[in-house]
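Contents: one structure, followed by commentary.
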Amino acid sequence: MSTSTQPTDTPATTRRRPGLSARHLHFIALGSAIGTGLFYGSAGAIQAAGPSVLLVYLLGGAVVYFMLRALGEMAVRMPISGSFAEYTRRFLGRWAGYITGWMFAFEMLIVCLADLTAIAIYMRFWFPDTDQWIWVALTLLIVGAANLASVRWFGELEFVFTIVKVAAVVAMIAGGAAILAFGLGDPSTPTGLANLTADGGFFPHGPGGMISAFVLVLFAFGGTEIIGVAGTEAEDPARAIPKAVNTVPVRILLFYVLAIGVILLLTPWQQITGEESPFVQIFDTLGVNWAAALLNVVVITAALSAINADLFGAGRVVAGMARQRLAPAALSRTMRGVPVLTTLAMLGVLVVGVLLNWALPDEVFTIVASLATFATVFVWLMILLAQVASRRGMSREERAALAFPVPLWPYGQAFAIAFILFTFGIMVWISEYHLALLTGVGFVALMSVLYVVAGRRRRRSQG
């Protein structure tokens, strides 16, 4: 990597001890887009938009791609611990880095709550009479142990989880194609291309229905930015990060657009109710019961994988902020490369998930999904703005020397930024997202106040 692309203020010691191989990073990237948002949250998006949800996934996927390329450009240029929280601090200012890091931690915890809830819902398939909170508590014990192990153990576990998820989606697509081609399953269930235009047409709820699905679709892509966090733990970021990021378009087309397309071809969109995963429902409805049970194992694995990765990402970002005095210093301490205190603190917060599933078992998923979307797109916006600011501070020679520059500069970045701002507008427009919007804005305000108070204390101690 050319020295002209490396900022002079980037000390070598900011790199953490590497523990992830290119294989690990590739599968973390591959698995980050395959989680509860696809296996369960897609039902809500389908109900909102009907078959036009396919277009929403394509648009959302384009936003994710440009965001990840922006993150990849900065991560290859500066593979430092803290990832995008550190980039926003450097290029947008200290407050921006502070609020981005804490918003990402907030996002990851909220997404974990959604995944914990989804696991409890999936378990109804076998244990319909068992309380949801019991499964949430058991899940916390499993992922807590995984994240308190070494970085290498995390990578291996995520590697196995992702193989299971990818194999399941590929098998579902192949099985769905076989059902369509050979007329397998329940003959009373309509299948085929007619499902895309029946029951109100391709846009059954008009443009408004399609627009309202944007929030749920972006929630499905939440967490993909963990590539930038995991990349700083890789043994060769300059090679591993570009390979991981460049797989995004294929993942989106295969695992979202194609998979959702198969679901819509096999089951009329109005029958996808959300009472169970659409992936399980299509086989259950078609009478392929053994496949439904197997897929339920897979979607549980997917949710476990997402929680595992989200705790990993949030822990590294908060620990990186602590090293910059943007979080309590104790949170920066590590053992075997693991920020133990940070991980334990986050597991403690996730106990809230147990209480929510005990008190509000039917409403908790919708609430936390909308909350997570606000935090997700806020972090994406800050990543995009940091990359734009970093470009403005470069000389022409430095831009030409970039090892992994964003494509379609600056039009792709402008599209992604505009789409995210439009998503915030949707949350203002649709009343059911007002709680999430107010909570997100309130979190920014609260953390900003704490930032000012901490800054004053720091100046007094230095004075």
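Of all residue pairs spaced 6 or more apart or on separate chains, those with beta-carbon atoms under 7 Å, a first member in the range 414-442 that is farther than 13 Å from Ala62 by Cβ and without any contact (Cβ under 8 Å) to a residue 60 or more places away in the chain and a second member that is open to solvent by 20 Å² or more (accessible area, probe 1.4 Å) and part of a helix (DSSP H, G or I) are Val428/Leu437.
Going residue by residue through the range 309-332, is there one that turns out to be in contact with a Leu (Cβ under 9 Å, 6 or more places away or on another chain), at pLDDT below 90 and β-branched (Val, Ile, Thr)? Yes, the range 309-332 contains a residue that is in contact with a Leu (Cβ under 9 Å, 6 or more places away or on another chain), at pLDDT below 90 and β-branched (Val, Ile, Thr). Are any of the residues in the range 68-88 of a type in the set (Phe, Trp, Tyr), at pLDDT 85 or above and over 27 Å from Leu304 (Cβ atoms)? Within the range 68-88, one or more residues are of a type in the set (Phe, Trp, Tyr), at pLDDT 85 or above and over 27 Å from Leu304 (Cβ atoms).
Residues that are at pLDDT below 90 and either more than 22 Å from the chain's Cα centre (by Cα) or over 18 Å from Ala375 (Cα atoms) (or both) were ranked within the range 429-446; the one that is surrounded by the fewest Cβ atoms within 10 Å (Cβ to Cβ) is Ser431. Only residues that are open to solvent by less than 10 Å² (accessible area, probe 1.4 Å) and over 23 Å from Ser83 (Cα atoms): list them for the range 99-126, please. Within the range 99-126, Ala114, Asp115, Leu116, Thr117, Ala118, Ile119, Ala120, Tyr122 meet the criteria. Tallying residues that are touching a residue at least 24 places away in the same chain (Cβ under 8 Å), more than 14 Å from the chain's Cα centre (by Cα) and assigned to a helix (DSSP H, G or I) within the range 104-134 yields 12.
Of the helices (runs of 4 or more DSSP H) lying entirely inside the range 387-463, those carrying at least 2 residues that are of a type in the set (Lys, Arg) are 396-400, 434-462. Within the range 85-98, one or more residues are open to solvent by 10 Å² or more (accessible area, probe 1.4 Å) and free of Cβ contacts under 8 Å to residues at least 40 places away in the same chain.
Being open to solvent by less than 60 Å² (accessible area, probe 1.4 Å), under 25 Å from the mean Cα position of the chain (by Cα) and at pLDDT 85 or above: is that true of Ile272 here?
Here the answer is no, as Ile272 does not meet what is asked.
A single entry from Ile260, Ile282 fulfils the requirement of being open to solvent by less than 30 Å² (accessible area, probe 1.4 Å), at pLDDT 75 or above and not aromatic (Phe, Trp, Tyr): Ile260. Given the structure, is Val297 at pLDDT 80 or above, open to solvent by 10 Å² or more (accessible area, probe 1.4 Å) and closer than 25 Å to Gly183 by Cα? Considered against the rule, which asks whether it is at pLDDT 80 or above, open to solvent by 10 Å² or more (accessible area, probe 1.4 Å) and closer than 25 Å to Gly183 by Cα, Val297 comes out as no. Check the range 402-421 and report whether any residue there is loosely packed, with under 15 Cβ neighbours inside 10 Å and closer than 30 Å to Thr117 by Cα. Checked against the condition, which is being loosely packed, with under 15 Cβ neighbours inside 10 Å and closer than 30 Å to Thr117 by Cα, the range 402-421 yields at least one hit.
Can you find even one residue in the range 171-192 that is in a helix (DSSP H, G or I), surrounded by 14 or more Cβ atoms within 10 Å (Cβ to Cβ), free of Cβ contacts under 8 Å to residues at least 40 places away in the same chain and out of contact with any Lys or Arg (no Cβ under 7 Å at 6 or more places or on another chain)? Yes, because at least one residue in the range 171-192 is in a helix (DSSP H, G or I), surrounded by 14 or more Cβ atoms within 10 Å (Cβ to Cβ), free of Cβ contacts under 8 Å to residues at least 40 places away in the same chain and out of contact with any Lys or Arg (no Cβ under 7 Å at 6 or more places or on another chain).
The values are calculated or read from the model by the stated rules, or taken from the named source; none is laboratory data. Fair warning: this is a prediction, and the values are worked out from it, not measured in the lab. Because the Cβ atoms are built from the backbone with ideal geometry, glycine has one as well, and the counts that use them run over all protein chains shown. These area figures cover heavy atoms from the full protein model, side chains too; ligands, DNA and RNA do not enter into them. Shrake-Rupley method; radii C 1.70, N 1.55, O 1.52, S 1.80 Å.
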